[in-house]
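**Q** Here it is, the structure in full.
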Amino acid sequence: MSANVVLIDTSVLCEVLAVPSLNSNPSKFQKELTEKIGSGDTLLLPMTSILETGNHIGQCAMNGQIRRRVAQSFVLFVLRALKGELPFRPTPFFQAEELVTWLAEFPDWTMRSDAKGKGSGLGDLTIQKEWQRQCGLNPGRRVYIWSLDAQLQKYDRPPTV
């Protein structure tokens with residue numbers, strides 16, 4: 001099979017959407033996104049990334065009018081993805097049974113830390129679980145998390161078939 005399966009993390013979504021104070025080079029990420037679209041990659045928006053990005057926008061310390069404009073752009077972006085008007089597909093919400101299992105893993109998950117000693121949260125765990133699910137659904141394709149987070153960048157599986 002050809003193209004990759006790409007799960008877009010909150011850090012990259014904030015870059016693509018140019019969320020103030022949470023982006024360093026939006027044009028670079030928008031260009032990378034265009035390249036991924038052109039190569040036929042399947043682009044997935046984990047529900048966690050959508051929710052976290054919305055939270056970041058709502059909590060940004062910026063002028064209220066700018067926050068509103070960014071929030072409106074975000075809403076339009078997500079709605080267009082939900083309607084199939086963008087080359088993104090939201091992942092399904094997880095089920096309560098899955099969350100119960102993941103919560104049992106969560107205390108150990110928080111002990112994973114990056115070079116700065118920062119641990120991983122429940123949002124990252126749910127994205128990692130979606131990555132595992134996509135690996136099972138797409139054995140002949142590379143599946144990876146597009147992220148600025150070094151812990152999540154490790155989730156990059158080549159085709160297995």
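The values are calculated or read from the model by the stated rules, or taken from the named source; none is laboratory data. Small disclaimer: the values here were computed from a predicted structure and weren't measured. For neighbour counting, all protein chains shown are included, and Cβ atoms are generated from backbone atoms with ideal geometry for every residue, glycine included.
**Q** Taking the residues in region 117-130 that are closer than 15 Å to Pro46 by Cβ and of a type outside the set (D, E, K, R) as candidates, determine which candidate is surrounded by the fewest Cβ atoms within 10 Å (Cβ to Cβ).
**A** By that ranking, first place goes to Gly121.
**Q** Quick check on region 131-161: of everything there that is among the hydrophobic types (A, V, I, L, M, F, W, C) and loosely packed, with under 13 Cβ neighbours inside 10 Å, which residue is farthest from Met47 (Cα to Cα)?
**A** Per the stated criteria, the residue is Val161.
Every residue, every condition in (1) surrounded by 14 or more Cβ atoms within 10 Å (Cβ to Cβ); (2) charged (D, E, K, R), yes or no:
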residue	(1), (2)
Val12	yes, no
Glu15	yes, yes
Gly58	no, no
Ile66	no, no
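**Q** Can we say Ser11 is touching a Leu at 6+ places or on another chain (Cβ under 9 Å), among the small types (Gly, Ala, Ser) and free of Cβ contacts under 8 Å to residues at least 40 places away in the same chain?
**A** no
**Q** I've got another one for you. Enumerate the pairs (first residue in region 134-161 and farther than 18 Å from Ala3 by Cβ; second residue anywhere and in a loop (DSSP other than H, G, I, E, B) and among the charged types (D, E, K, R)) with beta-carbon separation below 8 Å, excluding pairs fewer than 6 apart on the same chain, so at least 6 apart or on different chains.
**A** Ser147/Asp9; Leu148/Asp9; Asp149/Asp9; Asp149/Asp114; Ala150/Asp114; Gln151/Arg112; Gln151/Asp114; Leu152/Asp9
**Q** Looking at region 69-113, which of its residues are of a type in the set (Val, Ile, Thr) and in contact (Cβ under 8 Å) with a residue 60 or more places away in the chain? Full working, then the answer.
**A** Taking region 69-113 as the starting set, the residues that turn out to be of a type in the set (Val, Ile, Thr) are 70, 75, 78, 91, 100-101, 110.
Result: Thr91, single match.
**Q** Moving on. Could you please find all residues in region 1-58 being in contact with a Phe, Trp or Tyr (Cβ under 7 Å, 6 or more places away or on another chain) and either of a type in the set (Ser, Thr, Tyr) or at pLDDT below 90 (or both)?
**A** Thr53
**Q** Regarding region 34-44, can at least one residue be identified that is within 22 Å of Ser120 (Cβ to Cβ) and either in contact (Cβ under 8 Å) with a residue 12 or more places away in the chain or not basic (Lys, Arg) (or both)?
**A** yes
**Q** Right, next: Take the conditions over 15 Å from Gly123 (Cβ atoms) and in contact with a strand residue (DSSP E or B) (Cβ under 8 Å, 6 or more places away or on another chain) and apply them to Leu79. Does it pass?
**A** Answer is no for this residue.
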